[in-house]
Amino acid sequence: MTDFGEARLSRSDIARMAGVRRPAITNWERRHPDFPAPVATDAGTTEPETFRASEVLEWLSARTVPSNALRPGEPSGTTYGDRFRAALGGNRSGGLLSAVEQLASRDANRLRGRLRMPDYVNLLLFLVFVQSEERERWVRYVEHPSHVQSDLDMPGEYGSSPVSEIVRFLDRNPPASRAESREAFDRLLALLRDTDARAADEFFTPPSVSRVMAHALATGTPGAKRLHDPFCRSGELLVAYLDAVAEQGGEAPEGISGRSPQEGALRLAYMNVLLHGGHRPDLAPGPVRPAAGPPDPPQMFDAVLTNPPFGARVSRVGEPSPPWQYAPTASPQFDWLQYVVSRLTPDGRAAVLMPSGAAFQGGAERRVRARLIEDGAVECVLALPSQLFGLTRIKTHIWFLRSPVGRAGKVLFVDGSGLGHMVERNRRSLTDDEVDRLVGAYRSWREDQERGHDHVGAPPLSRVVTPEALAALDYRLDPPLLVHGDAPMESAVPDSAAARERLVRLSQELGRLHSQVGAIDSVLEERLRRYGL
């Protein structure tokens, strides 16, 4: 095919024109040896690698778009090559992205008037969504921009003139594809996160954390039909799971649901899920903690992802009852753990973001950990680096759970606490390669389990631990200790009594160090607040 001569395109160009996210191109290159090779570049050049459009078109023409990723109006059987060819000769790509960048930066102060910047960004998010997904409503907005204000119940002092200018400017710069609308929406979400730190803490899971949770869980739940997030924030975990499934060539779950106490978060989540190819989601108000309301929705789920609020300790009395079948505790995070386990189908899997302290808390929390291990509900605990969240230095772990099988099994521990790089003064992020490393550790563990192969981990990143070793450690599930300590793992230990004693000493020392770090962090945060930092 030589329709396009020697036109050359970057990976980002290919992703935009094929209607996929940029990581999908890297994934295709890695998984498919016949993916076109990049064109040779001059030695020493700093330009990104490029590909011949004709070769890319030929390869994409053999790949059918999954039904859940089809755009409105695309028939079943549409290929990525069909999209690519249309983009090469169709609308000017990048027009919407440029328009959104201008509205959100250069023209923002003039057009937002008295609106707070977060409210103005929410307005842009809504308009980008409607322009992409609700054509009839968009036509009505172009003809009568005042309808935007009434639909959003905007303040009366915000005049119709700015709204009219925004709508007509966007209408003159339509998206070339759903992928472009999705990218514009994602950029605005990132801006909302950066302009409102408090909302960021309430509404968003850091993107790199979302990718680790979703890509690992998508590996463990192929063909999941029902996906749920009981505290869905802006839908970022649901969307990350949809993206991961699409990159693997799978179908979106038939049922997608979520709950949140924040009305604004639910609105963002609804738009986010639809733009990312999900079926119309069941999103509704929900409690801050499971104990505050009945299980809703009532069905069970194949895949659950959530970043629940950790909250303050509360008193709890009484006997355990569903979904708190292991032990009542004063820690909301253990409410969430038990709730999630109770909602999994027999083959279901879950990824839950937890504070690192949940790995070694004593009392009732220790009893819950022990029961979860003894019931075979914990598959993996993965430690993340600190400072991934802008407003707190709290360390977090991802707990990968399964439906209880009634017997203890080996558990994978992954220590990613030393990864990441600072992207802002007080915020760290994981690189794409680091995300791949963490996901790969979990994926290889699952694959070996399914094949019946022994798996001992890959020190210094990961290590598999026996239930007997965890019992000797008093069920402390802290990855740094278990990956780098001297705990007995897969091999036999000549002197089990000595090993047990050493593990207890290590766990006590770890608890003491955690307490010291927490105290230092509290003092530091107080001093930073005192100086307005």
> Taking 0.36 nm per residue of separation and subtracting the Cα-Cα distance, what length does fully extending Arg30 through Val142 add?
Replying inline: 35.9 nm
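For Asp296 and Ser98, calculate 0.36 nm times their separation in residues minus their Cα-Cα distance, and state this gained length in nm to one decimal.
On the way: separation 198, 0.36 × 198 = 71.28 nm, distance 4.12 nm.
Full extension from Asp296 to Ser98 adds 67.2 nm.
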>> Once R0 is set to 30 Å, what does the formula 1/(1 + (r/R0)^6) return for the Cβ-Cβ distance between Ser76 and Ala7, expressed as a FRET efficiency to the nearest 0.05?
In response: 0.55
> In whole Hz, what ³J(HN,Hα) sequence does the range 13-30 give by Karplus (6.51, -1.76, 1.60; θ = phi - 60°), x for Gly and Pro?
Replying inline: 4, 4, 4, 4, 6, 8, x, 10, 7, 3, x, 4, 5, 4, 5, 4, 4, 6
>> In whole percent, and with a 1.4 Å probe on the protein chains, what portion of the accessible area of the range 360-403 is carbon and sulfur?
In response: 44 percent
>> What translational diffusion coefficient, to the nearest whole µm²/s, does the range 205-254 have by Stokes-Einstein, given a Kirkwood radius computed over alpha-carbon pairs, a temperature of 10 °C and 1.306 mPa s viscosity?
In response: 147 µm²/s
> Over the Cα atoms of the range 327-441, what Rg and Dmax result, in angstrom?
Replying inline: 15.0, 46
> If you count the DSSP beta bridges with both ends in the range 381-462, what percent of them are antiparallel, to the nearest 5?
Replying inline: 70 percent
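Of the peptides 21-29, 381-389, 232-240, how do they stack up when ordered by the mean number of other Cβ atoms within 10 Å, highest first?
232-240, 381-389, 21-29
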> Using the Karplus equation 6.51 cos²θ - 1.76 cosθ + 1.60 (θ = phi - 60°), what ³J(HN,Hα) coupling, rounded to whole Hz, does each residue of the range 55-69 give in order, writing x for Gly and Pro?
Replying inline: 5, 5, 4, 4, 5, 5, 5, 9, 10, 7, 6, x, 4, 6, 9
> Can you run phi through the Karplus equation (6.51, -1.76, 1.60; θ = phi - 60°) for the range 106-121 and list ³J(HN,Hα) in whole Hz, with x for Gly and Pro?
Replying inline: 4, 9, 4, 5, 6, 8, 7, x, 8, 5, 5, 4, x, 5, 5, 5
> How large, in percent, is the carbon and sulfur part of the accessible surface of the range 204-246 at a probe radius of 1.4 Å?
Replying inline: 61 percent
> Using a 1.4 Å probe, what is the accessible area per residue for the range 105-194, in Å²?
Replying inline: 47 Å²
> Which cross-chain or sequence-distant (5 or more) residues have an amide H under 5 Å from the amide H of Glu379, H modelled 1.01 Å from N in plane?
Replying inline: Phe400, Leu401, Arg402
>> Which residues does the label zone of Asp448 cover in the range 455-483, counting backbone N under 11 Å from a point 7 Å along Cα→Cβ?
In response: 455-459, 462-465
>> Could you tell me how far the Cα centroid of the range 196-275 sits from the Cα centroid of the range 459-478, in Å?
In response: 30 Å
> Given 0.36 nm per residue, what is the gain on full extension from Ala62 to Asp282 after removing their alpha carbon distance, in nm?
Replying inline: 75.8 nm
> Ile256's amide H: which non-local residues (gap 5+, or another chain) put their own amide H closer than 5 Å, with H modeled 1.01 Å from N in plane and none for Pro or chain starts?
Replying inline: Leu227, Asp282
> Amide H neighbours of Thr396 under 5 Å, counting only residues 5+ apart in sequence or on other chains, H built in-plane at 1.01 Å?
Replying inline: Ser356, Leu384
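The values are calculated or read from the model by the stated rules, or taken from the named source; none is laboratory data. Everything numeric in this text was worked out from a predicted model, so none of it was measured. Backbone-built Cβ (ideal geometry, glycine too); neighbour counts: all protein chains shown. Note: areas computed on protein heavy atoms with side chains; ligands, DNA, RNA excluded. Shrake-Rupley method; radii C 1.70, N 1.55, O 1.52, S 1.80 Å.
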